[in-house]
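Q: This structure is in C-alpha cells; I'll ask about it shortly.
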Amino acid sequence: MSTSVSAPVVDLPRHRAIVVVDIEGSTMRTNPARARLRSGLRVLLDEAFLGCGIEESYRDPYVDRGDGALCLVRPVDEVPKAMLIARFVPVLAAALRQSAELVPEAAFRLRVAVHAGEVHYDEHGPYGEDVDVACRLLDAPEVKRRLKNSDEPLALVVSEEIHRAVVRHGYAGIDRGAFTQVLHVWVGGQRLRGWIRADGADLPGAGLSA
C-alpha cells in the first residue's frame, strides 16, 4: 500500500538580520573541549548582544551549527543593521579578548558573517537562500585565511547588501575604508560578492556611545 506525501506549505518569509559565527579550529579539539567551546560561545554571544542593547526579545533563539551558531535579529527600530557592525562586533571582539586573558586554556577565535534578507521557518527551524548566503560567506577560504594569518580575536565578512546599505556610508563606529578585500561565493547559480574587514579596524569601543 503506497502512501502519498503532500508538499509542505511554504509560508511567506520574514526579514531578519543574519549573523553567523564559527569557532576556529574546533575540529582539532577533543569532544569534551568542544563541549566547553560550545557553552562558552553562547555565553559570549549573549554578553555581546545584551552589551549593545540587543535583547532576547529582538532575536530568535540561536540555531546550533555544531561549532558555531546562526543568530537572527528581528527588524525593530531599536536594532538598526548598522548596530551589528558598529557595536555588536566590537563588543564580541572585546569579550573574546577578555575571556582569553582570564581563561587562556579555554580561549577561541571566531569567523563572523553579517548579512540580511528573507528567512523561512518550518518545524525544523529557519532556512532559505539568504541563510545560505551568510553561511557560504562565513565558510569562504579567504575568511579562514584572514583569521589564520591574524592576531585578532575574530575575522568579519559582510555581504554585498550589508556593504552597500550600511558599510559604505561610514556610519558612526564603522570604518568603511577597512573593508578592502573582496571575495566571491556561488549560491543558487549566482556569483555573489562579500567584503572582509581588515585587521585592527573597528577596535572595541568605537561607536559605543549611546
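Q: Could we say that residue 166 is at pLDDT 95 or above, among the aliphatic types (A, V, I, L, M), surrounded by 12 or more Cβ atoms within 10 Å (Cβ to Cβ) and in contact with a Gly (Cβ under 9 Å, 6 or more places away or on another chain) here?
A: Answer is no for this residue.
Q: Whether any residue in region 38-52 is out of contact with any Gly (no Cβ under 6 Å at 6 or more places or on another chain), farther than 18 Å from residue 154 by Cα and modelled with pLDDT of 95 or more is what I want to check.
A: Yes, because at least one residue in region 38-52 is out of contact with any Gly (no Cβ under 6 Å at 6 or more places or on another chain), farther than 18 Å from residue 154 by Cα and modelled with pLDDT of 95 or more.
Q: Whether any residue in region 111-126 is over 16 Å from residue 68 (Cβ atoms), free of Cβ contacts under 8 Å to residues at least 60 places away in the same chain and touching a helix residue (DSSP H, G or I) at 6+ places or on another chain (Cβ under 8 Å) is what I want to check.
A: Among the residues of region 111-126, not one is over 16 Å from residue 68 (Cβ atoms), free of Cβ contacts under 8 Å to residues at least 60 places away in the same chain and touching a helix residue (DSSP H, G or I) at 6+ places or on another chain (Cβ under 8 Å), which makes the answer no.
Q: Here is a follow-up. Can you say whether residue 97 is over 19 Å from residue 45 (Cβ atoms) and either in a loop (DSSP other than H, G, I, E, B) or of a type in the set (D, E, K, R) (or both), as far as the supplied structure shows?
A: Working: over 19 Å from residue 45 (Cβ atoms): no; either in a loop (DSSP other than H, G, I, E, B) or of a type in the set (D, E, K, R) (or both): yes.
Against the criterion (over 19 Å from residue 45 (Cβ atoms) and either in a loop (DSSP other than H, G, I, E, B) or of a type in the set (D, E, K, R) (or both)), residue 97 does not qualify.
The values are calculated or read from the model by the stated rules, or taken from the named source; none is laboratory data. Given the structure is predicted, the values throughout are model-derived calculations rather than measurements. We place every Cβ from the backbone using ideal geometry, glycine too, and count neighbours over all the protein chains shown.
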